[in-house]
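So the structure is just underneath, and the comments pick up after that.
Throughout, read-outs are computed from the coordinates displayed, never taken from laboratory work. Predicted model only: the values in this text are computed from it and were never measured. Counting neighbours? That spans all protein chains shown, and the Cβs are built from the backbone with ideal geometry, glycine included.
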Amino acid sequence: MAKARTPRQSWIDEGLRVLAAGGPDAVRVEVLAKNLGVTKGGFYGFFADRDALLEAMLDDWERRSVADVLARVEHEDGTAVSRAAHARDLTFSEELLPIDLAVREWARRDEAVAERLRRVDAGRIDLLRSVIGTAYSDPVEVEARAALAMLSTVGAHFAAIDHGDLGGAEAHARLARIVLGEAL
């Protein structure tokens, strides 16, 4: 019995896993094929070259980081704070966070990736503006709170803050309430 062709999404998923672990230079067709336990010949049935795979990986990351998150929280019941927190948890999930951090590092060296990151972050901050705008009518207040929420969420993954006996979860929950507004 012939082995079924490795699905296109498997190449993308493995590429994203390797990207998260080792950056864009680690994403090599030979490495992915070995990790998937297949020959690299099947790769070329889906992708013209490595650059096409990298583009597909970024497309997948963008969809999962923005469109999928928005679709899940857009019609949720709950407070604006709970919806924003759920969006944050989905966006920076155990699965997506390592990819996000790798893309941010990659964007420092590649302008096309930086442009993609700006588009993804714009989608994220638009959601924050929408949520925060349910409680505040002043556009400057909305913008400031949205920016602070975005910066504190992304920055939390780059700062090494020791919250001592308090623990980080309670401090981060309080930060969300402060940034998004107690009224939400």
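For the reader, a short list of remarks on this structure follows.
- Cα long-axis angle, helix 97-107 against the chain (0 to 90 degrees, to the nearest 10): 80 degrees
- Percent of Cα-Cα distances greater than 31 Å, calculated over the chain: 28 percent
- Restricting the range 101-184 to trypsin sites (Lys or Arg not before Pro) that sit in a DSSP loop and have at most 16 other Cβ atoms within 10 Å of their own Cβ leaves Arg108, Arg109.
- Under 5 Å from the amide H of Phe47 lies no amide H of any residue 5 or more positions distant or on a separate chain, with H modelled from the backbone and absent for Pro and chain starts.
- Remark: Trp11, Trp106 ranked as Trp106, Trp11, counting other beta-carbon atoms within 10 Å and listing the fewest first.
- Principal-axis tilt of helix 111-132 within the chain, Cα atoms, nearest 10 degrees: 40 degrees
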